[in-house]
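J.: Can you read through this structure? Questions will come right after.
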Amino acid sequence: MRVAALLFALASTFAVQASDPLSPGALDTAADLRERALADDTGYRIIESLTTTIGPRLPGSEADARAVAWAQAKFESLGFDRVWTEPVTFPKWERRSERAAVVGAHAQPLVVTALGGSPGGTVEGEIVRFATFAELEAAPAGMVAGKIVFVDFAMERTRDGSGYDAAGPVRGRGPSVAASKGAVGFLMRSLSTSRNRVANTGITRFAEGVTPIPAAATSLPDAEQLVRLLARGPVRVRLELDCGWNGEYTSHNVIGELTGREAPDEIVVIASHLDSWDHGTGAVDDASGVGITMAAGRLIAQLPQRPRRSLRVIAFANEEQGLLGARQYAQRHAGTMAQHVIGAESDFGSGRIYAFNTSARDGTHALSRQIAGALAPLGIEFQPEQGGPGPDIIPLAQAGMPWAWLGQDGSAYFDLHHNADDTLDKVDADDVKHNVAAYAVFAWLAAEAAADFRTPAPAE
Ligand SMILES: [Zn+2]
């Protein structure tokens, strides 16, 4: 058995070679981290604590401040060497109430939620249906002036989230385009895969010079009800939103660091975001990422020695309204961005990780390949052509930091994303352990490696 296993290891793509950036000892430690993670429920307990004691964490809300204090205390209790906060200032958007109804012969209430960034106001008008954003964009202004635009785009369920990407700018720019054509309101079928009667919020933005109009999303069953009513004749809808921008707020990114033993100025980042939308408790978006990355950091903190480089676990402020914490981190740390050797963010729920890649995008890159080898026992495949940086990693990657992708199964993510069903009961404790194992292995090896991700390995 032993000889066979050894021969198999030598023949394997992932066998250690003398020139490889990771030593057999580092890989042994990774295997140990992986096994400890799979037997440890710290990640789930962190998610339970955040979603239970803080609840929804709308940026700028009273809970935002409590979440920052919670994260700081949590990092301290988990054994990080250095814990600190960095201010993040942004305009504050508030949701107070939201209501909608079909009026007239078929009068009935509709389930809606205001989109983040929507102004308040009460509007009533006939709805005009568009199947896609492109159709709305192509429509003559006369078709929608004085009416409520209804974009009825049906997003597809996919494992990698490409169904959401394909929805494109329906939510982000739809209201602005509708307003620019003279519509009085905007209603969209939620970007959701849930059959439940819940509506999904999310940020929208009005272009310079466009007067904002009330903008909301309705649930899938409500959107389909509207389509059936439209088949019978014109439909009038009344939309009553009380929400809007209200001054500025300063929140904080919260950072826990393990200080590197040899190259403390070189930094590996694993990240999540602390804020959430306000209907659920932000369990999959993104308390899961907070729990996964904090628990991975804690496992590394418990090793007998620190990795060569520093590991920063960052809980970013206000991702939901435009990556604001990450953008301000990239500005503040512009002078040391070249020492940020790689970063990854967990912001796609708690589904298991099935694929790994880095910005090297090269199947022969020695360090990526070795890390992929250490992740393979978790059922994670090296996919050198796939993936990209998590949302909060984008501003850092734009400033030059390499990224890693730990691709999670998001098949069920859009049943919950930004709606009232995003609660703790949807989080599977064993899936969280699997994610923690992958993040611990990745972060340890990236922080311990002799090479970094900028220099491609010589071709074999
Ligand atoms: Zn998120």
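Since every read-out is calculated from the coordinates, none of them should be taken as a lab result. From a predicted model like this one, the values you see are computed outputs, not experimental measurements. Glycine gets a Cβ as well: all are built from the backbone with ideal geometry, and neighbour counts include every protein chain shown.
J.: What list of ³J(HN,Hα) couplings, whole Hz, do you get for the range 106-120 from phi and the Karplus terms 6.51, -1.76, 1.60, once you set θ to phi - 60° and write x for glycine and proline?
T.: The phi angles translate into 10, 3, 6, x, 10, 7, 9, 9, 5, 6, x, x, 6, x, x Hz.
J.: Would you work out if the range 199-346 is rounded, prolate or oblate? Take a ≥ b ≥ c from the square roots of the eigenvalues of the alpha-carbon gyration tensor; rounded if a/c is under 1.5, else prolate when a/b is larger than b/c, oblate otherwise.
T.: In terms of gyration-tensor shape, prolate.
J.: Is the C-alpha gyration tensor of the range 283-326 telling us rounded, prolate or oblate? Criteria: a/c under 1.5 is rounded; beyond that, a/b larger than b/c is prolate, otherwise oblate.
T.: Oblate is the answer for the range 283-326, as a/c is 1.5 or above yet b/c matches or exceeds a/b.
J.: Charges on Cβ only, +1 for Lys and Arg, -1 for Asp and Glu, centred on the Cα centroid of the chain; of T51, A231, S23, which one is farthest towards the dipole's positive end?
T.: A231
J.: Got a sec? Charge dipole of the range 226-332, +1 on Cβ for Lys and Arg, -1 for Asp and Glu; which of A326, I270, L258 is way out at the positive end?
T.: Going by the Cα projections, it comes out as I270.
J.: Continuing with this model, one more query. Provide T204, T113 in ascending order of the number of other Cβ atoms located within 10 Å of each residue's Cβ, fewest first.
T.: Ranked by crowding around the Cβ, least crowded first: T204, T113.
J.: Show which lysines lie in cross-link reach of K433 when reach means a straight Cα distance below 24 angstrom and same-chain residues fewer than eight apart are skipped.
T.: K74
J.: Sticking with this one: Could you order peptides 317-328, 396-407, 290-301 by the average number of other Cβ atoms within 10 Å of their residues, highest first?
T.: Highest to lowest by the protection proxy: 290-301, 317-328, 396-407.
J.: Here is a further query. Would you pull out the residues with amide H under 5 Å of H340's amide H, same chain only if 5 or more places away, H placed 1.01 Å from N?
T.: I267
J.: Taking the Cα centre of each part, how many Å lie between the range 425-445 and the range 183-257?
T.: 33 Å
J.: How about K181: which lysines have a C-alpha closer than 29 Å to its C-alpha, ignoring those fewer than 8 places off in the same chain?
T.: Filter leaves K92, K147.
J.: Another one. Placing unit charges on C-beta atoms (Lys and Arg positive, Asp and Glu negative, everything else neutral), compute the dipole magnitude of the range 50-138 about its Cα centre in debye, rounded to 20.
T.: Roughly 280 debye for the range 50-138.
J.: Here's another thing I want to ask about it. Put +1 on the Cβ of each Lys and Arg and -1 on the Cβ of each Asp and Glu in the chain; which of V112, A450, M143 then has its Cα farthest toward the positive end of the dipole?
T.: M143
J.: Right, here's the next one. Need one word for the range 347-460: rounded, prolate or oblate. Basis is the Cα gyration tensor (sqrt eigenvalues a ≥ b ≥ c); a/c below 1.5 gives rounded, then a/b vs b/c decides.
T.: Since a/c reaches 1.5 and a/b is larger than b/c, the shape of the range 347-460 is classed as prolate.
J.: Also: Amide H to amide H, which residues 5 or more places from A263 or on other chains are under 5 Å from it, using H placed in the peptide plane?
T.: For A263, the qualifying residues are R309.
J.: Let's see if you can work this out: charge +1 on each Lys and Arg Cβ, -1 on each Asp and Glu Cβ, no other charges. What is the dipole magnitude of the chain about its Cα centre, in debye to the nearest 20?
T.: Here the chain has a charge dipole of around 620 debye.
J.: Taking neighbour counts of Cβ atoms within 10 Å as a proxy for exposure, in what order, fewest first, do Y439, Y354 appear?
T.: Arranged by neighbour count, lowest to highest, Y439, Y354 become Y354, Y439.
J.: Bins of 10 Å, beginning at zero and ending with the bin holding the largest distance: percent of Cα pairs per bin for the chain, please.
T.: Taking all Cα pairs of the chain, the binned fractions are 4, 21, 28, 22, 14, 7, 2, 0 percent.
J.: Quick one: length gained pulling D425 to D362 fully straight, 0.36 nm per residue minus the C-alpha distance?
T.: 18.8 nm
J.: On to the next question. Using modelled backbone amide H atoms (1.01 Å from N, in-plane), which distant-in-sequence or interchain residues come within less than 5 Å of A199's amide H?
T.: When sequence neighbours closer than 5 places are left aside, the close amide H contacts are A420.
J.: Give me the number: length gained by fully extending E381 to Q302, i.e. 0.36 nm times residue separation minus the C-alpha to C-alpha distance, one decimal in nm.
T.: This chain segment gains 25.7 nm when fully extended.
J.: Still on this model: Please identify the DSSP H helices in the chain that span no less than 30 Å along the helix axis (Cα) and have a mean Kyte-Doolittle hydropathy of 0.0 or more.
T.: Flagged H segments: there are none.
J.: Any chance you could run the full-extension gain for A231 through W245? It's 0.36 nm times the residue separation minus the Cα-Cα distance, nm to one decimal.
T.: Here the answer is 1.3 nm.
J.: With θ set to phi - 60°, apply the Karplus curve 6.51 cos²θ - 1.76 cosθ + 1.60 along the range 81-96 and write out the HN-Hα couplings as whole Hz, x wherever there is a Gly or Pro.
T.: 6, 9, 10, 8, 10, 10, x, 9, 10, 7, x, 9, 10, 10, 10, 10
J.: Follow-up. If you place +1 on the Cβ of every Lys and Arg and -1 on the Cβ of every Asp and Glu, how big does the dipole about the Cα centre of the range 269-421 come out, in debye to the nearest 20?
T.: I would put it at about 1000 debye.
J.: At 222 nm, what value in deg cm²/dmol follows for the chain if DSSP H runs of at least 4 each add -39500 (n - 2.57) and the sum is divided by all its residues, to the nearest 500?
T.: When only DSSP H runs of four or more count, the value is -9000 deg cm²/dmol.
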